[in-house]
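Engineer: Input: one structure, supplied below.
No lab work stands behind these numbers, since they all come straight from the coordinates. Source: prediction; values computed, not measured. Heads up, the Cβs are rebuilt from the backbone with ideal geometry, glycines too, and the neighbour counts pull from every protein chain shown.
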Amino acid sequence: MSILNPDSLLSRFKYDLAILFLLTCLGVGAWLTYHPFSFESTDEEAVGERPPSVGSGEVLLVVPEEAQTGGEFDELDFTYAWYNSLVQELGAFQIQSTKRFGSEDLSTIRMVVVPSRSAEELDATDINQLQVFVESGGILILEMPSQKWARLTGIDEPVLMGRSAKRITAAVGSMLQGDFGQHLIDCPMNSRMMRLDTVDIPDFHRSDILLEIDGVPAHYHRAAGQGHVFVVAFDFGMALTALQQGLPGDALLIDPLDGEEDEDPLFTRPERAVANPKMRTAAVPYADLLERHIFYAPLKARPSVRLWSFPNTLAGALVMTHEEGGFGDKATYMAEFESKNRFTSTYFVSPTNMTNNALDELQSHGIDVALGWHRTLDPIYEARGVGRLKPYQSALSLVEQRERLEGWAGRRLHTTRSRGLIWDRHYSQTFRKLAAASIYVDSSYGPGDVEEYGYLFGTGLPFYPLDDNGLLLPILEIPFVLSDDVGFGPDDLDVVDKLLKESRSGFHQLITVDIDADAMARHPQPATLDTWIRCLEMAEQERHWLTNLHEFVLFTEARRQASVHTDFDAPTRTLTGNLELPSQRSPRDDSVMPSPGLAFPARFEGGNIESVILDGQPVEPKTLGHSGDGVLAVLAVSAGTHRVKVVYGASPQAR
């Protein structure tokens, strides 16, 4: 017996209703196929970690045993900013924690760097060992030491701590002089300092003061036995991090974009973290000048050999980057031109816009293929469902985008740039996501607003970002300095000329330029193409290495893995360096990449270089390269083991 009343509407129209239900389902399914539900992706986050000790050098960086987390910028532990500066300025060095520090660590060391937190953790036994080290001829750099270091610093009474350091007021004792000294004085400061004007330091002469901040000594030198102590009486790590990584606001949040202040947005752009308004059009790499001031100072006391930042004696490097920008396979036209003229570049490619053939063509031209990362405000969705029914879509995560592009390209990718420079507001959150996705290089820091150009972050060189746990994230940020996204006009050619010429004459920079492949389609003007070609041609004229981001990072890694040990015999004024430079192959054509040059003081105590002997063969001093500031001489060498001897003439006072 049927449970349905044969006279009911449901019974009479049951087949019609079933067909209507089926048609409704098909209609809804078809509508969802074209209007699917959308779900955002979630990217995992890594945390900062202690970088490994790679290579072998005569410089030792002492780091705290435990990391210190901070919720505000001035609460962060800035110890590892010293790591960044040593990578950039010296190349090869070693690191050791305070808990494992011992006299055996000093057997092959000529200079020890002790940041402020490490100075707090080292005990009386460690300080005694360092005193013996210094009095035997070693060099010690101490950041903001306390009273327990009195035997080395000469400060035997409590020192007041200033809450802020506003500006450099004098640099008479710096090795950076002339225009470079003036640029150093102009360097924006966001730091704290010891009030050395409140204490009496025995034998503290005016000639010992290397830098003053707010009219107070902030960096001074003190002889101790046969060695030397350099006291950095301000938070150098804090100042450097503010310049390079930027200066966040409260709770480590970067300012929102203009017009979004009242909306509590989740995203911003990196340029909103620029430490000082004048850096938005800065043709001066202030962070690098501050580093050079600190690490040039010991050369007054004892000459040494360090690794030049670029191949052989070249003055700098230029990297041209292009965002594919939705142009697809047509974007390869720039690579074709560059290849014909023996240039290379880095292409930031969306994971779904270029075919496998186009990606292979880029590789055949020696182009570095990198990921153009689509973020939440500019997502790439993938439809999900069964068969042809795709009722919902989800945004591809960073890892999925990388893997998708790697699949098309057929090779591992290391580098990314956020499309539209979309950035999380938390100071280190985007870097955490990049590190978790196994991205090793990012180039999203740079001009993001109209008329911005230059060293917005104080440098063009790579640096490791600091996490809020006081450790470094294993990703290199390489800022770009010029972009067509903020407009190229007639004056931009003058900017290109200025950046390249001043890099050759003294700043010695990696200059990264961004010119999108679709630039002429978006805002066609001759200045865009002129700037692109002018950059490439001028780079060669100004003795800059034309490379790409991947290749430059490989060069930097090989430089970091080198072994550098020197000795100086004061009676004969002879500097001897024993070096081992690893070989590295270019990803472009598998050829052996050039090695960094050897850099050493161009003069010592007023005496010029009299002779140079490399691997037993004399080198004419007149053939040496020189840094634009006149401090360093540079000798070109190849990969391998080398021994160099440099003899300095007598100082004018001894003649």
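Engineer: Roughly how many debye, to the nearest 20, is the charge dipole of the chain about its Cα centre, given +1 on each Lys and Arg Cβ, -1 on each Asp and Glu Cβ, and no other charges? Present the calculation step by step, with values, prior to reporting the outcome.
Structural biologist: Values: 56 positive and 92 negative charges, 290 e Å.
Once rounded to the nearest 20, the dipole reads 1400 debye.
Engineer: What angle, in degrees between 0 and 90 and rounded to the nearest 10, separates the Cα long axis of helix 490-502 from the longest principal axis of the Cα atoms of the chain?
Structural biologist: Around 40 degrees separate the two axes.
Engineer: For the pairs Lys622/Lys645; Lys300/Lys501; Lys166/Lys498; Lys300/Lys498, flag any whose C-alpha to C-alpha distance is greater than 20 Å.
Structural biologist: Working: Lys622/Lys645 16 Å; Lys300/Lys501 28 Å; Lys166/Lys498 28 Å; Lys300/Lys498 31 Å.
From the list (Lys622/Lys645; Lys300/Lys501; Lys166/Lys498; Lys300/Lys498), the Cα-Cα distance tops 20 Å for Lys300/Lys501; Lys166/Lys498; Lys300/Lys498.
Engineer: Separate question: Just checking my list (i) 26.8; (ii) 32.7; (iii) 28.1 against Kirkwood radius over Cα pairs in Å computed from this structure; which label fits?
Structural biologist: The calculated read-out lines up with (i).
Engineer: Ok, one more. Angle, helix 398-409 long axis vs. longest principal axis of the chain, Cα atoms, 0 to 90°, nearest 10?
Structural biologist: So the inclination is approximately 90 degrees.
Engineer: So, one more: Once both axes come from the Cα atoms, what is the angle between helix 14-34 and the longest principal axis of the chain, in degrees from 0 to 90, rounded to 10?
Structural biologist: In the chain, helix 14-34 runs at an angle near 30 degrees to the longest axis.
Engineer: About its Cα centre, what dipole magnitude does region 308-549 give when the only charges are +1 on Lys and Arg Cβ and -1 on Asp and Glu Cβ, stated in debye to the nearest 20? Can you show the working numbers first?
Structural biologist: Values: 22 positive and 35 negative charges, 174 e Å.
Rounded to the nearest 20 debye, it is 840 debye.
Engineer: Give me Phe93, Phe73 sorted ascending by neighbouring Cβ count inside 10 Å, so fewest comes first. Don't jump to the answer; show the numbers that get you there.
Structural biologist: Working: Phe93 25, Phe73 21.
Ranking Phe93, Phe73 by Cβ neighbours within 10 Å, fewest first, gives Phe73, Phe93.
Engineer: For the chain, what is the percent of antiparallel DSSP beta bridges, rounded to the nearest 5?
Structural biologist: So the antiparallel bridges amount to about 55 percent of the total.
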